[in-house]
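A quick write-up on the structure given underneath.
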Amino acid sequence: MPTSTKYIIFTGGVVSSVGKGVTAAAIGRTLKQRGFKVAVQKLDPYINVDPGTMSPYQHGEVFVLDDGAETDLDLGHYERFIDIRLGRVSNFTSGQVYAEVISKERHGDYLGGTIQVIPHVTNEIKRRIGLVAKETGAEIVLIEVGGTVGDIESQPFLEALRQIRNEFGRDNVFFVHTTWMPYIAATGELKTKPTQHSVRELRSIGISPNMIIPRSDHPVTDDLVEKIALFCDVDKRAVVPMVTADILYEVPLLIERAGMPDYLIDLMGMKARKKPDWSEWEDLIKRVRKPKPSIQIALVGKYVELHDAYMSVRESLKHAALALDVEVEIAWVHSADLEKDKGWDLIKASHGLVVPGGFGSRGTEGKVLAAKYAREDKVPYLGLCLGMQVMCIEFGRNVLGHDDANSSEFDRSTSYPVIDLMLEQRSITDMGGTMRLGLYPCKLKSGTRAARAYGVPKVDERHRHRFEFNNAFREDFEKNGMVFSGLSPDDQLVEIAELKDHPFMVGSQFHPEFLSRPNRAHPLFLGLVRAAKERAKIK
Ligand code: GLN
């Protein structure tokens with residue numbers, strides 16, 4: 001199968017969580033800066049069909065794309081670093097592959113043949129890899145294989161990729177292997193042996209890496225680079241150590257300075273279309289480094305022990321703070337603590353509150369308390385999905401006086417279901433992929449905070465929810481000071497709610513955090529941070 005597309009495949013060795021996704025995303029950016037059309041794909045070896053139903057404690061945030069795909073949080077890195085919009089083809093799991101193969105088998109498509117990992121599962125993997133170039137028209141496709149080499153789960157993926165290298169040609173498919181160099185404090189040394197072992201593991205399945213990125217928390221000396229090159233049988237230029245960056249968004253610049261993109265392009269036999277212009281990124285990093293006055297924003301969630309569960313929210317806050325020339329300290333507040341009278345010192349010391357999305361009742365009452373505090377004390381508040389819903393529940397209870405106002409998600413028998421199941425969701429019992437997902441239009445009511453923040457009459461935002469504001473109560477809310485500043489084009493769904501007499505209390509039924517960019521902060525986050533900055537009396 002000849003191809004004109006180039007593939008760069010990112011594998012990981014030694015341990016996970018060494019920033020393989022960030023590295024791949026940053027390399028993607030360096031290629032885009034040279035005028036190439038790039039696309040990305042993350043292969044997740046777990047058996048779940050998608051991360052949508054996985055616990056955020058185990059998997060971190062679920063990142064939602066325009067077309068409604070619920071994906072791995074690395075897709076967020078890709079979109080933010082490369083500044084692209086990805087679609088469903090950019091992420092698949094073993095679960096999806098097996099589900100497809102088994103359904104074809106049940107359907108009789110294999111005509112009674114014995115179904116095996118090779119070739120049936122590997123063929124399905126290859127089919128899905130092929131879709132990316134077809135659907136995006138990208139010249140370079142970056143593929144990240146989740147997990148580390150040697151995991152049982154990732155073997156079919158690596159086998160499929162090995163086959164692809166033969167089928168697409170060795171001058172079209174390249175492997176970049178990211179490893180970890182442990183530091184032995186007693187002797188003050190970095191160790192290359194685990195890298196050597198993981199490269200050997202990769203070789204044993206027929207894949208020789210073209211490039212090795214040993215990651216480390218300590219500076220890597222030239223003799224270590226030489227040693228890795230020698231033992232792993234690659235060119236010295238092909239070993240590019242990456243020391244942990246203190247600023248995430250500096251990684252593309254570090255990669256550029258290390259000469260990695262030029263080496264890759266040479267390797268692929270390509271020529272850069274244009275000289276990369278990094279002035280905007282350099283300016284961004286300069287602004288990150290510049291000392292700035294601080295504001296504190298409390299993030300009131302229920303998975304706060306694992307910050308990755310709110311990855312995009314955290315990044316969006318950073319983007320907005322950077323745009324407004326302040327430093328943002330995030331106070332991670334467990335919403336359930338607030339119910340037990342704990343954590344309020346953090347809330348009270350904060351200049352603004354974010355209540356992010358969530359499912360299930362645990363910790364919800366704490367979020368309602370946080371919304372009450374924000375409303376009464378006029379503290380800037382941004383509610384994201386569930387955060388908008390609790391803002392409405394609180395208003396129903398404490399402004400309108402309906403003590404049992406609630407979402408029917410948390411109390412089926414409430415007499416005042418401010419938030420209720422959308423009609424089309426009522427008959428659905430399956431857990432995965434059954435929500436209102438992906439990009440939907442929202443028209444903004446002129447003169448409102450939301451409309452002023454966006455500066456345009458209509459926006460498209462990404463959604464992931466089952467419940468909605470209940471239209472039966474709209475009038476009652478509006479009469480008492482709540483403004484529905486964003487609605488679906490047919491007026492049927494409340495998309496944004498805001499309080500009239502408040503410096504900034506805005507909730508969106510969608511998730512603005514998925515569309516914020518380091519150089520283009522999201523208007524609603526800008527609104528919150530601007531109001532928080534005012535509260536902190538920073539000019
Ligand atoms: N649980 C709520 C719903 O399904 C909110 C979802 C969310 O915050 N993403 O509508």
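Computed over the alpha-carbon atoms, the chain gives an Rg to Rh ratio of 1.00, Rh here being the Kirkwood radius from the mean inverse distance. The count of lysine pairs in segment 434-507 with alpha-carbon distances below 14 Å, taking only pairs 8 or more places apart or on different chains, stands at 4. Note on segment 99-229: Lys pairs 8 or more places apart or on different chains, Cα atoms under 30 Å apart, count 5. Which of the lysines could a cross-linker bridge to Lys20, judged by Cα under 18 Å and excluding same-chain residues fewer than eight apart? Reachable lysines: Lys42. With semi-axes defined as the square roots of five times the eigenvalues of the C-alpha gyration tensor, the equivalent ellipsoid of segment 143-229 measures 27, 14, 10 Å, largest first. Any idea what angle helix 364-376 forms with the longest principal axis of the chain, computed on alpha-carbon atoms, 0 to 90 degrees, nearest 10? The answer is roughly 60 degrees.
By definition, a body whose alpha carbon gyration tensor gives a ≥ b ≥ c is oblate when a/c is 1.5 or more and a/b is not larger than b/c, and segment 101-186 fits this oblate description.
Peptides 321-327, 9-15, ordered by how many other C-beta atoms sit within 10 Å of their residues on average, highest first, read 9-15, 321-327.
With each run of n ≥ 4 DSSP H residues scored as -39500 (n - 2.57), what mean residue ellipticity at 222 nm is computed for the chain after dividing by its residue count and rounding to the nearest 500 deg cm²/dmol?
-10500 deg cm²/dmol
As a proxy for reagent exposure, Asp283, Asp44, Asp490 were ordered by neighbouring Cβ count within 10 angstrom, fewest first; the result is Asp490, Asp283, Asp44.
Given +1 at the Cβ of Lys and Arg, -1 at the Cβ of Asp and Glu and no other charges, the dipole of the chain around its Cα centre is 1400 debye to the nearest 20. How high is the FRET efficiency from Ala472 to Met270, r the C-beta distance, R0 41 Å, rounded to 0.05? Once rounded, the FRET efficiency stands at 0.10. Counted by neighbouring Cβ atoms within 10 Å, the residues Ile213, Ile255, Ile228 run from fewest to most as Ile255, Ile228, Ile213. Between the Cα long axis of helix 20-32 and the first principal axis of the chain there is an angle of about 80°, rounded to the nearest 10. Taking amide H as placed 1.01 Å from N in the peptide plane, Val64 has its amide H under 5 Å from the amide H of Thr71, each at least 5 places away in sequence or on another chain. For Lys6, the aspartates and glutamates whose Cα falls under 16 Å of its own Cα, not counting residues fewer than eight places away in the same chain, are Glu135, Glu139, Glu144, Glu167, Asp171, Asp262, Asp266. In loop segments of segment 320-374 as defined by DSSP, the trypsin sites (Lys or Arg not before Pro) with at most 11 further C-beta atoms inside 10 Å of their C-beta are Lys340. For Lys318, a cut-off of 16 angstrom between C-alpha atoms picks up these lysines, skipping any fewer than 8 places away in its own chain: Lys286, Lys290, Lys292, Lys533.
Got a sec? Charge dipole of the chain, +1 on Cβ for Lys and Arg, -1 for Asp and Glu; which of Leu75, Leu499, Leu253 is way out at the positive end? Ranked along the dipole, the leading option is Leu253. With distances taken between every two different alpha-carbon atoms, segment 11-94 has a Kirkwood hydrodynamic radius of 13.4 Å.
Compared with the dominant principal axis of the Cα atoms in the chain, helix 222-232 is inclined by about 70°. Within segment 59-135, list the trypsin sites (Lys or Arg not before Pro) lying in a DSSP loop whose Cβ has at most 15 other Cβ atoms in a 10 Å radius. Counting only loop positions with at most 15 other Cβ atoms within 10 Å, the trypsin sites (Lys or Arg not before Pro) in segment 59-135 are Arg85. For segment 378-425, trypsin sites (Lys or Arg not before Pro) are listed when DSSP marks them as loop and at most 10 other Cβ atoms sit within 10 Å of their Cβ; the list is Arg412.
None of the figures in this text is laboratory data; all of them are computed from the coordinates on show. Everything quoted here is computed from the prediction, not taken from an experiment. In this analysis, Cβ positions are derived from the backbone assuming ideal geometry, glycine residues included, and neighbour counts consider all displayed protein chains.
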